[in-house]
1. Looking at region 177-215 only, could you name the residues that are in contact with a strand residue (DSSP E or B) (Cβ under 9 Å, 6 or more places away or on another chain), in a loop (DSSP other than H, G, I, E, B) and under 19 Å from Leu114 (Cα atoms)?
2. Please name all residue pairs, on different chains or six or more residues apart, with Cβ atoms under 8 Å, provided the first residue is in region 101-127 and is more than 20 Å from Val158 (Cβ to Cβ) and in contact (Cβ under 8 Å) with a residue 24 or more places away in the chain and the second residue is buried (at least 21 other Cβ atoms within 10 Å of the Cβ) and not aliphatic (A, V, I, L, M).
3. Considering only residues of region 163-174 that are under 22 Å from the mean Cα position of the chain (by Cα) and not charged (D, E, K, R), which is nearest to Ala108 (Cα to Cα)?
4. Kindly establish whether Leu146 is surrounded by fewer than 18 Cβ atoms within 10 Å (Cβ to Cβ) and within 30 Å of Gly39 (Cβ to Cβ).
5. Only one of Asp88, Asp104 is modelled with pLDDT of 80 or more, part of a loop (DSSP other than H, G, I, E, B) and either assigned by TED's automatic domain parsing to the domain that holds Phe143 or more than 25 Å from Pro203 (Cβ to Cβ) (or both). Can you tell me which?
Amino acid sequence: IAVKDNGIGLSPPALADVFTMFSQVHDVHARTEGGLGIGLALVQGLVELHGGTIEVFSEGAGRGSEFIVTLPCRTPDTTQPAEGAAPDEGSSTTICRKILVADDNQDAANTLALLLRLAGHDVRTAHGGQAALTLADEFEPEFALLDIGMPDLDGYEVARRLRLTDRGKDLRLVALTGWGQDEDKRRARDAGFDHHLTKPVDPHRLDALLTERGG
């Protein structure tokens, strides 16, 4: 799949960083800058989750850009397993999870939710700590991905309160934060989190976490 435009183009330095989370190309002629710089990082993550690749080409600033997505083509398997045969241990099946995403940055929460829904999960979003507690009680998720820096109730406090509920004892809590030092990880563990992911979240690591056995 190839998509080509005649827009602002990309300089060599911009080409190197275009798929980096929160990276933005600045157009000196534009009055405003939209978006968070996460769209192309999201696209790359989705393509790679499907075993594909994405490339970008540009002849320079003001000369447009071309994006090429390559995805593997699977040949349908027409062979039928013998009746009563055990499934192939090497085969994998999609594990669909009920996931709560809580982040006061609505764009970040909605983008992560989109990524998870495209992977087949049932996702709800909350844009604050108190809203996350209310939604968790109604939705009864298996996983809760909680931003640490929410202003009304931070992720640590939300995690503590969730752990006090009956369903919270089995809930898998994942901290989402821009801080990844040992002290930050210790605070997350002390608050009751099972996992600590540093933003920008690696889609491959998140997918592995959600689909691991016993997760």
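The values are calculated or read from the model by the stated rules, or taken from the named source; none is laboratory data. Since the structure is predicted, the reported quantities are computational estimates derived from the model, not experimental observations. Positions of Cβ are generated from backbone atoms using ideal geometry, with glycine treated the same way; all protein chains shown enter the neighbour counts.
1. Lys199, Val201
2. Leu115/Gly45
3. Within region 163-174, the match that is nearest to Ala108 (Cα to Cα) is Val174.
4. Considered against the rule, which asks whether it is surrounded by fewer than 18 Cβ atoms within 10 Å (Cβ to Cβ) and within 30 Å of Gly39 (Cβ to Cβ), Leu146 comes out as no.
5. From the options Asp88, Asp104, the qualifying one is Asp104.
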